[in-house]
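Enquirer: The following block contains the structure, expressed as structure tokens.
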Amino acid sequence: MASWRLVLAAALVIAGAVTPEAMIMGRSAPSRRGMALARRLPRVRPVPEVGGGRSLHRLTAAKAKTAASDSPVDARTGERELSQLVLRQTWTYLWPRKDWKTRGLLLSSLFFLVVGKLLNVQVPFLLQRAIDRLNVDMGTSAVTAAAAGTAAAATTASLLLIYGMARAFTVVCQELKTVTFTQISQRSLRSFAKQIFTHLHRLDSTFHQQNPSGLLSVAYVRGVRGFQTVLFQLVFAVVPTLIELVITSTVLARSFGTKYMIATVATFLAYITFTSYITEWRMRIRRRLVEVDNDRNAYFVDSMANSETVKLFSNEEFEEERFDSYLAGIQRLNLQNTYSIGVLNAGQAAIFSSGLTAIMYFTCQSVAAGTMSLGNIVAVNGLLLQLQQPFNFIGYTYQEIRQGLVDMRFMLELLRKDPVVKDVDRHPQGAPAAGGPAGGTLGA
């Protein structure tokens with residue numbers, strides 16, 4: 001009875017149909033038959049635990065990626081050169097040569113962006129003037145107020161009407177910017193995807209033999225998606241935030257003083273530094289979580305595929321412990337991810353609240369000294385709260401851009417790879433084609 005099991009197990013291992021370590025790497029004390037089988041079977045390296053080693057799919061992906069491209073980027077300056085390459089590549093699609101329609105659309109989109117930000121900055125000042133006007137009317141004597149009450153009410157109502165119209169036109173400008181730039185982004189995305197597809201056909205057969213079509217398909221989808229993400233985040237998040245920061249800082253400096261601009265810029269720099277640091281930490285956790293989750297899924301498939309072998313050698317307990325170790329790793333990393341989100345949100349709120357409190361303290365001092373009105377407090381507070389909205393998405397924007405750069409890396413290096421065998425122009429300029437007036441043929 002034991003002999004036919006031994007022969008069956010050895011045949012399955014030699015044929016590669018089962019995983020040998022599932023039969024011989026159990027942690028519990030093996031039986032005599034199991035020890036005898038382990039001595040006869042070939043020794044294999046066990047599958048690495050959650051904390052170490054590289055799984056088969058990662059080894060395959062790394063090998064395929066190494067064979068796919070000989071990256072000229074040095075490890076120390078890889079990120080910087082990749083960012084510069086992405087920016088240059090993006091700019092060629094945003095400002096193409098001799099394409100005046102695309103350039104006009106880009107300039108129109110920037111015009112609507114700047115106009116919208118200027119209107120957005122003026123909104124708090126319109127509310128300030130309305131509040132100051134009400135404050136003046138309340139401090140007027142009864143006789144004077146009865147004589148000028150109608151004019152004062154009309155002035156305040158007109159300021160509030162302009163305030164509402166300015167907010168509405170701000171949204172209109174944002175939508176016009178989006179509609180205008182969508183034409184550029186879709187055209188750029190189409191050109192980028194077509195360029196990759198054409199370049200893949202130009203590469204020689206050796207490249208396609210060394211790189212599976214499945215890998216190229218996944219890299220193509222990720223590259224196009226990464227280009228779209230980077231383009232969207234740069235135009236709709238980074239550039240508008242920088243423009244609004246410059247306009248707000250300039251208005252604060254010219255209207256209230258240089259210390260307001262310094263406090264605003266310092267708050268922004270501290271916010272960016274803290275966000276980038278925590279986001280890098282969260283990205284490391286996320287990458288590790290994806291790796292462990294992929295290992296868990298791969299182990300689950302392998303274990304289920306070899307379920308008969310596991311039952312044959314009574315290794316269910318060992319398989320359960322191994323699978324639970326992956327689940328424990330995922331649980332630990334998910335908790336770390338939740339903690340990192342809490343640290344990010346609390347730190348961002350603390351930094352922005354500190355800057356806002358400092359600036360409001362400066363404003364209250366000026367109001368107490370008589371150099372500012374109560375409406376100035378509303379204006380300063382409104383400007384900073386408007387600036388907080390794009391600040392809240394800085395962490396998300398930074399993470400999306402980093403992920404987009406990673407997704408584009410393989411495709412950009414692929415575009416820089418020249419085919420070993422290049423097609424020669426069969427009909428150079430000035431030369432007649434075969435069978436033409438010169439009567440040239442291949443056999444001539």
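Only the coordinates and a few stated rules stand behind these numbers; no lab work does. Since the model is a prediction, treat every value here as computed from it, not as a measurement. All Cβ positions, even for glycine, are placed from backbone atoms using ideal geometry, and neighbour counts span all protein chains on display.
Enquirer: Given points 7 Å out from each Cα along the Cα-Cβ axis, report the LEU335 to LYS194 separation in nanometres with one decimal.
Expert: In this crude label model, LEU335 to LYS194 measures out at 5.4 nm.
Enquirer: Write down the Å³ per residue value for the convex hull defined by the alpha carbon atoms of region 292-400.
Expert: 100
Enquirer: Apply 1/(1 + (r/R0)^6) to the Cβ-Cβ distance of ALA358 and ARG225, taking R0 = 41 Å, and write down the FRET efficiency to the nearest 0.05.
Expert: Efficiency computed from Cβ-Cβ geometry: 0.50.
Enquirer: Take the Cβ-Cβ distance between GLN183 and ASP302 as r, set R0 to 56 Å, and report the resulting FRET efficiency rounded to the nearest 0.05.
Expert: 0.70
Enquirer: Right, another one. What does the extension gain come out to for THR250 and PHE323, with contour length at 0.36 nm per residue minus their alpha carbon separation?
Expert: In short, 20.4 nm is gained.
Enquirer: Ok, one more. Efficiency by 1/(1 + (r/R0)^6): what FRET value for SER83 and THR258, r their Cβ-Cβ distance, R0 = 35 Å, to the nearest 0.05?
Expert: So, using R0 = 35 Å, E works out to roughly 0.60.
Enquirer: Please check which bits of region 168-197 a label hung off LEU110 would reach, taking the label as a point 7 Å along Cα-to-C-beta and the cut-off as backbone N under 16 Å.
Expert: 177-178, 180-182, 184-185
Enquirer: Normalised by the empirical 2.2 N^0.38 Å for globular proteins, what value does the Cα Rg of region 212-253 take? Before the final figure, lay out the partial values.
Expert: On the way: Rg = 17.6 Å, N = 42, 2.2 N^0.38 = 9.1 Å.
Scaled against compact globular proteins, the figure is 1.94.
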